[in-house]
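**Student:** A single structure is presented below for examination.
Bear in mind these aren't lab numbers, they're just calculated from the coordinates by the rules spelled out. Not measured: the values here are computed from a predicted model. Note that each Cβ is placed from the backbone with ideal geometry, even for glycine, and that neighbours are counted across all protein chains shown.
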Amino acid sequence: MSQYKKDQIVTGCVTGIENYGIFVSLDDYYSGLIHISEISDFFVKNPADYVHIGETIKARVIDDSETESFHVKLSIKNMDYRFNKRCRRVKIVETSKGFMTLGECLPVWISLKKEEIKKKLQKN
């Protein structure tokens, strides 16, 4: 059973914006979609005109049907959805090495995993 109920007001972080709607992360398990038709009573040309990625917003749950994918349908129609604060996000600092670090570490990780598997097989 979903922990979110119809007409409940929830808080989430905008994680994506597409031409058909807005994706919102509600917690570690649940996410929601605000379909373009649930943004405003007026014509919405671009959902990005209403929210920004990383913005914390409030939304109303309009469908709490239980699904295996942990998604709920949301709406921001006729409500003050803005918080004026951003989600807690950590900026990733790019290094001059780029993917070279991955290339250097991958053989070591593979070797360590092989040893771990070998030890498990020897125990059995």
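**Student:** Tell me the angle of helix 100-123 to the major Cα principal axis of the chain, expressed in degrees between 0 and 90 and rounded to the nearest ten.
**Tutor:** Once rounded, one gets 70 degrees.
**Student:** With the cut-off at 23 Å, tell me which of the pairs 97/118; 6/77; 45/77; 5/45 have Cα atoms farther apart than that.
**Tutor:** 97/118; 5/45
**Student:** Can you tell which of 4, 122, 56 lies farthest toward the positive end of the dipole of the chain, using +1 and -1 charges on the Cβ of basic and acidic side chains (Lys, Arg; Asp, Glu)?
**Tutor:** 122
**Student:** Please get the size of the charge dipole for the chain, origin at its Cα centre, with Cβ charges of +1 on Lys and Arg and -1 on Asp and Glu, quoted in debye to the nearest 20.
**Tutor:** Taking the Cα centre of the chain as origin, the dipole is about 660 debye.
**Student:** Exposed loop trypsin sites (Lys or Arg not before Pro) only (DSSP loop, at most 16 other Cβ atoms within 10 Å): please give the longest stretch of the chain free of them, not including the sites.
**Tutor:** 7-44
**Student:** While we're here: Let me know the longest stretch in the chain that avoids all chymotrypsin sites (Phe, Trp or Tyr not before Pro) found in a DSSP loop with at most 14 other C-beta atoms within 10 Å.
**Tutor:** Longest gap between qualifying sites, sites excluded: 44-98.
**Student:** Based on DSSP H runs of at least 4 residues, each adding -39500 (n - 2.57), what is the mean residue ellipticity at 222 nm of the chain after dividing by all its residues, to the nearest 500 deg cm²/dmol? Don't jump to the answer; show the numbers that get you there.
**Tutor:** Working: 1 runs with 24 residues, N = 124.
It lands at -7000 deg cm²/dmol.
**Student:** Only one of the listed values, (i) 63, 42, 24; (ii) 55, 35, 26; (iii) 36, 35, 23, was derived from the coordinates as Cα extents along the principal axes in Å; which label is it?
**Tutor:** Entry (i).
**Student:** Another question, then. Under a 10 Å cutoff between Cα atoms, tell me which one of 93, 108, 51 has the largest fluctuation in the Gaussian network model of the chain.
**Tutor:** Checking each option, the largest mean-square fluctuation is seen for 108.
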